[in-house]
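Worksheet: one structure, shown below.
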Number of protein chains: 10
Amino acid sequence: MVYVVEMDVHIPETWSEEKLADYVAREKACSQKWQSSGKWKYLWRVAGKYSNISVLEVESPDELHQIISSLPLFPYMTIKVTSICKHPNALRETLL
Amino acid sequence: MVYVVEMDVHIPETWSEEKLADYVAREKACSQKWQSSGKWKYLWRVAGKYSNISVLEVESPDELHQIISSLPLFPYMTIKVTSICKHPNALRETLL
Amino acid sequence: MVYVVEMDVHIPETWSEEKLADYVAREKACSQKWQSSGKWKYLWRVAGKYSNISVLEVESPDELHQIISSLPLFPYMTIKVTSICKHPNALRETLL
Amino acid sequence: MVYVVEMDVHIPETWSEEKLADYVAREKACSQKWQSSGKWKYLWRVAGKYSNISVLEVESPDELHQIISSLPLFPYMTIKVTSICKHPNALRETLL
Amino acid sequence: MVYVVEMDVHIPETWSEEKLADYVAREKACSQKWQSSGKWKYLWRVAGKYSNISVLEVESPDELHQIISSLPLFPYMTIKVTSICKHPNALRETLL
Amino acid sequence: MVYVVEMDVHIPETWSEEKLADYVAREKACSQKWQSSGKWKYLWRVAGKYSNISVLEVESPDELHQIISSLPLFPYMTIKVTSICKHPNALRETLL
Amino acid sequence: MVYVVEMDVHIPETWSEEKLADYVAREKACSQKWQSSGKWKYLWRVAGKYSNISVLEVESPDELHQIISSLPLFPYMTIKVTSICKHPNALRETLL
Amino acid sequence: MVYVVEMDVHIPETWSEEKLADYVAREKACSQKWQSSGKWKYLWRVAGKYSNISVLEVESPDELHQIISSLPLFPYMTIKVTSICKHPNALRETLL
Amino acid sequence: MVYVVEMDVHIPETWSEEKLADYVAREKACSQKWQSSGKWKYLWRVAGKYSNISVLEVESPDELHQIISSLPLFPYMTIKVTSICKHPNALRETLL
Amino acid sequence: MVYVVEMDVHIPETWSEEKLADYVAREKACSQKWQSSGKWKYLWRVAGKYSNISVLEVESPDELHQIISSLPLFPYMTIKVTSICKHPNALRETLL
């Protein structure tokens, strides 16, 4: 099953530059681990914003949550989750 | 360049079933023409809603508008357009 | 997989009482068919509003969409879909 | 009487990891106490978000408030409360 | 149990003046029947708007829904329902 | 003249428990002083939320502001103020 | 007492030009009657929108409602009502 | 003085194709008259939406309103008006 | 030209009472300087809220910004700016 | 390709005046570098708000993101990005 997930990052104002850099580095490692696994299909930057739109193909809603909530910045993001399925007008046989 | 577009359809309440069926048929033909052209990459149904999330790869913002505004239901949709680009954490070299 | 779905009904102002009664009757039959199937687990009325909160257990997002979009009033509802999973603090082993 | 309650948690950015861990542990104990009592019927995680949807069956609005406000993270949550009742189309005789 | 209910009326633009007058008259009769019953405690006009704020004391959420949904204009109102209980700072022993 | 006021409290995350307890105690004393004066007619807790709905009968908008702004937590609340008047369908002769 | 009232007009799409012209003419006469009475102090057009911001000085909330609800377009406006009072930093002794 | 104006068009569902074509033609003529006058500096289409963003340089707020309200589709648009001025970081001496 | 400006103040939670008192005193001096200049025509308190509605008559949008941004609490306010002009139904010849 | 970008700045409350002044100075230098490059075409202040509306002409969405995200205050702004194209009613041959 496939989800489209939009994440808006809100950087805490009280964090030092070191703390922020540490989080950003761990965020990158974490998201790349999931991309390598084949489950995080697309990771796009929203042009001009501290946001991304992602497409994930997972076994279950629990696996989606496991992936998203493992991100170090998870508590500091506003997240919109959309469950998608086949559109009757789609020519493509599969979602991805 | 790639756009993520979310379209929410609002069926006019005064339309007859025939008029609606006609619009739905022309909508399908139009969206499939653009899918066949290779520009409308993904057309996903939002599960449980009269909405879709689409991914389009176009030459320019003008071409994006040409495609979306050619849809018969274009005047009856609420549309959200997001311009996307490469994410620094993305492993994939290209957007699609 | 389990979804919580909230549906707000907007009755078209131009419909006759007969047309409305016909839709309401078909809406009832349709929702009861899905309840009988065991997939539409809970159908609750929001007290004081023309809305419901429902819990559905389905095989896939496609099945969720098949059920919701089969409702006659589907084009006239504002729908919020939430995909849920196991909470780490939940004592219950399964979702339902 | 039955309520559907949606809670979105906003983790304070200034909290240390120890303070947060302490709150999370006490939150778990508190919510499980109420689940064990039989009043907190369902506790679901919203997939991909730091939110839950819960179903509580209580004696009165006062009891609902007693339960929700006893959660350690209560002051740091955005909460939506929905009072539900029997839907005329529901096949099930009781709400739960 | 006590609810505070806010109702915003949206008069359909296609209704004739006769149809509107008929609805308004039946709305008045209906709301006064429930006021006379002692369950609809307060009915206040929001100054300057086609809205009211009401306070109802009912046996159950089902009874609240029975009352509100019996109003002829029910399908044409946006309704906000708030379940209230005793405030720890309140001097008054009962809600009403 | 009568106002319905809804106050949502946002507890500052950086406050110590002592500071919070001090504010809460002073908030209680202040609201009870105004209740005793007969001007703050109703103080209701919104079930499940850190919010209240209040009904105040005052001499003027200035007096309303004097009362609400004297609350110690006034700067940390989101406040909605509604001026109400007699509803044409109300059976009761006076507002309260 | 003084209110600031913002009114956004939504012209019904099904009205003929004659019906609209009739409403607009009656709206003008009605608002000018209240301006002449000295109660409707200011009537400002929001530049570029079908909206106005008005300042009314009335005896009571009931009188405010009497004035606003007498406007022929009252059912087709979204209205925001703000009750104002003396600001502690204001040099002017009175509101108007 | 310069304004940025965003206009979202909502095509009435009950209009015939002829009526709509007539409005669209008159809309074009009207907007081009103002562009020719030199006051309507930029008229941009929002890619993928039935919306425009415009920049107008006018003598006064009254002139802005005269221009915008002369558009035939004015009553059927949601309009956002922003008054702009020189930014302290701007290198350009004038706004346009 | 005349603007209606609504300012909602958000007092920073981390400020000491001394810092806040200092800001409030400087805010008062600043707003009174502009009132004395004759440009800040009205400064009204929104009853029951930490907000004001103001009416300013200025030479240009730049002057409006100079005044508003000189307020010490400017960075901690949510501000809504409305440019107004003569209403066709207004009896008064001038705006103020 | 051309984007209209609206940026609302939220100054962190915990920053010292020195830290803020440092950020503001670097923000100015950064935005002027991009204006000098010819890519940041317009930088307008929204009158009365800590916001700007900007027009940028860039090679790609990636370049837009490179510019906007290089601003020191980027993490502390709410940003709205709009991709624009030629309007069918525009007399001007090019966007800028």
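So, of the residues in region E:50-96 that are within 14 Å of chain G (Cβ to nearest Cβ) and under 23 Å from F:Asp8 (Cα atoms), which turns out to be surrounded by the fewest Cβ atoms within 10 Å (Cβ to Cβ)? Taking the candidates together, the pick is E:Thr78. Count of region G:38-68 residues, restricted to those that are under 11 Å from the mean Cα position of the chain (by Cα) and under 18 Å from F:Val2 (Cβ atoms), is 3. The single residue among C:Asp8, C:Asp22 that is modelled with pLDDT of 95 or more and touching a Ser or Thr at 6+ places or on another chain (Cβ under 9 Å) turns out to be C:Asp8.
Filtered by the rule that a residue be open to solvent by 50 Å² or more (accessible area, probe 1.4 Å) and small (Gly, Ala, Ser), region A:17-40 gives A:Ala21, A:Ala25, A:Ala29, A:Ser36, A:Ser37. In this structure, is G:Ser31 closer than 17 Å to H:Pro75 by Cα and in contact (Cβ under 8 Å) with a residue 24 or more places away in the chain? Spelling it out, it is not the case that G:Ser31 is closer than 17 Å to H:Pro75 by Cα and in contact (Cβ under 8 Å) with a residue 24 or more places away in the chain. If you scan region D:1-24, which residues turn out to be more than 10 Å from chain F (Cβ to nearest Cβ) and of a type in the set (A, V, I, L, M)? Within region D:1-24, D:Met1, D:Val2, D:Val4, D:Val9, D:Leu20, D:Ala21, D:Val24 qualify. Filtering region D:47-84 to residues that are closer than 18 Å to C:Ser54 by Cα and free of Cβ contacts under 8 Å to residues at least 24 places away in the same chain leaves only D:Ala47.
The values are calculated or read from the model by the stated rules, or taken from the named source; none is laboratory data. In this text the structure is predicted, and so the values were computed from the model without any measurement. Here Cβ is always computed from backbone atoms with ideal geometry, including for glycine, and neighbour counts include all displayed protein chains. Side chains included, ligands, DNA and RNA excluded: accessible areas come from the protein's heavy atoms. Shrake-Rupley method; radii C 1.70, N 1.55, O 1.52, S 1.80 Å.
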